[in-house]
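Here is the structure we will look at.
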Amino acid sequence: MEERTGEMALIAGVDEAGRGPLAGPVVAAAVILPEDHTIKGLRDSKKLSKAKREILFPIIQEQAIGVGVGQVDVKIIDEINIREATLKAMQIALGNLPKRPDKALIDGHPLKNQIIPNEGVVGGDDLIDSIKAASIIAKVTRDKIMEDYGRIFPEYSFEKHKGYGTKVHMEALDTHRATPIHRRSFKPVKYKMPTLTWLSDQKLIGWMGEKLAALHVHEKGMKVLEMNRNCPPHGEIDIIALDGDEMVFIEVKTAYKTNPNMLGEKITQNKLTRLSHAIQAYQQDTEQIDSFRIDSLFVFLKKNNPMIEHFKGIHLD
C-alpha cells in the first residue's frame, strides 16, 4: 500500500458480501472514490438487479482512486466464526488498496486493531457512495466465485442461489450432503456432513474424488469449464478446464480402501485412446481447440485430508 501524497483526504468505504450463506467465502471490498465521481445509480448492492450491478462494477473500477478486495474461505470461517471472518476480510480489503486512505468508513461497526482510522456507519450502504460502491464490488466478486463453484458442483446450483439456504440448496444437501466449500460450523450444514462410509455406500467415492480434483485445479488458478462431459460413444471427460490459454482435459482416479499406488495402473493406453477420441468428439461439438493437454489427478480419500497428485501433460503413444 503506497503512502499518499497531496492534500485531498482519501476516504475508503468498506462493505462485505456473504455473511449469511451456507457455502462459499465471505468477501469484502474497500473503495476510494474521488469527490467528483460521475457514477450514477450507486445503491446498496442488495437493492440492485444483477444486471445493474454488473454494469456498475467496471465503472466503479474505472473511476475509483483505489479498489481493494479481501476474501476469507470456509476453513477460516469455521475456525474463527463468520463475524470475525467478515472483519478479517474487511481488513484484508483495506490492506489491498493501492493507496493508503486517511480514514475508512465501515458499513456497520468499526474495525478493531486496524491502524487506519475508521468509523462504523450503520446503514452506510444506503448513505455513503464509497460504501455503496464497495458493496457492489464485494457482491459481484463473490457472485462470480460462486458461479465458478457452480460449474464444479452443478448438483447444488450455486450459480443461482450463491450458497444461501434456498429450497433447492437444502434439497441438494439432503441428497448429496455437504461439499468441501460448505461452512460446517453452520447448523444446517453441520448435520449433513458426508462420511467416507456414506460416500462408499452411495457409490459416490469417485464423484467426490472428481469434485476434490476440480477444487484442486481451481485453487491452482485454472478455470473449470465443465464436469463430466459425455462424448458418446467414447465415454466421459471428467474435467475440462483452462490453464491460461491452454485447454486441459483431466482424467481423475480415486482410491478409498485400495492402495493409492495402484491408481496409476488405471490410466491404461486403452483408456488414453478412448479419452483422445472423446476429446475429438468434444472438438467437433464445440469450436476448434488450438492448444490442449491431458492431465491426470489421483485422489486418495482419507478421514481428514485427502491426498492429491497432479500429473500434467500425459502423452499418447
key: Which of Gly20, Ala93, Gln284, positive extreme of dipole for the chain (C-beta unit charges)   = Gly20
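Quick test of the membrane-span-like rule: which DSSP H helices of the chain reach at least 15 Å along their long axis (C-alpha atoms) with mean Kyte hydropathy at least 0.0?
Numbers: long enough: 50-63 (20 Å, -0.43); 82-95 (19 Å, 0.53); 129-152 (35 Å, -0.20); 205-219 (21 Å, 0.19); 269-285 (24 Å, -1.16).
Helices passing the filter in the chain: 82-95, 205-219.
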task = Determine the sum of side-chain charges near Ile39: Lys and Arg each +1, Asp and Glu each -1, restricted to other residues whose C-beta is under 15 angstrom from that of Ile39.
result = -2
ask   = Given that just one value was derived from the coordinates, which of (1) 19.1; (2) 28.5; (3) 15.7 is mean projected area of the Cα convex hull in nm²?
value = (1)
note = Of the accessible area of the chain, computed with a 1.4 Å probe and all protein chains kept, carbon and sulfur make up a percent value of 49
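With the cut-off at 27 Å, tell me which of the pairs Lys47/Lys75; Lys47/Lys220; Lys190/Lys303; Lys144/Lys187; Lys88/Lys167 have Cα atoms farther apart than that. Can you show the working numbers first?
On the way: Lys47/Lys75 30 Å; Lys47/Lys220 34 Å; Lys190/Lys303 16 Å; Lys144/Lys187 25 Å; Lys88/Lys167 30 Å.
With Cα atoms farther than 27 Å apart: Lys47/Lys75; Lys47/Lys220; Lys88/Lys167.
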note = Answer in debye to the nearest 20: the dipole magnitude of the chain about its Cα centre, from +1 Lys/Arg and -1 Asp/Glu charges placed on Cβ, is 1220
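Keeping every protein chain present and rolling a 1.4 Å probe, give me the accessible area per residue for the chain in Å². Don't skip to the end; give the middle numbers.
Values: 16110 Å² over 317 residues.
In whole numbers, the chain has 51 Å² accessible per residue.
Of all DSSP beta bridges in the chain, what percent run antiparallel (nearest 5)? Numbers along the way, then the final one.
Values: 30 of 48 bridges.
Roughly 60 percent of the DSSP beta bridges within the chain come out antiparallel.
The values are calculated or read from the model by the stated rules, or taken from the named source; none is laboratory data. Given the structure is predicted, the values throughout are model-derived calculations rather than measurements. Positions of Cβ are backbone-derived with ideal geometry, glycine not excepted, and every protein chain shown enters the neighbour counts. Protein only, heavy atoms only, side chains kept; ligands, DNA and RNA dropped before computing areas. Shrake-Rupley method; radii C 1.70, N 1.55, O 1.52, S 1.80 Å.
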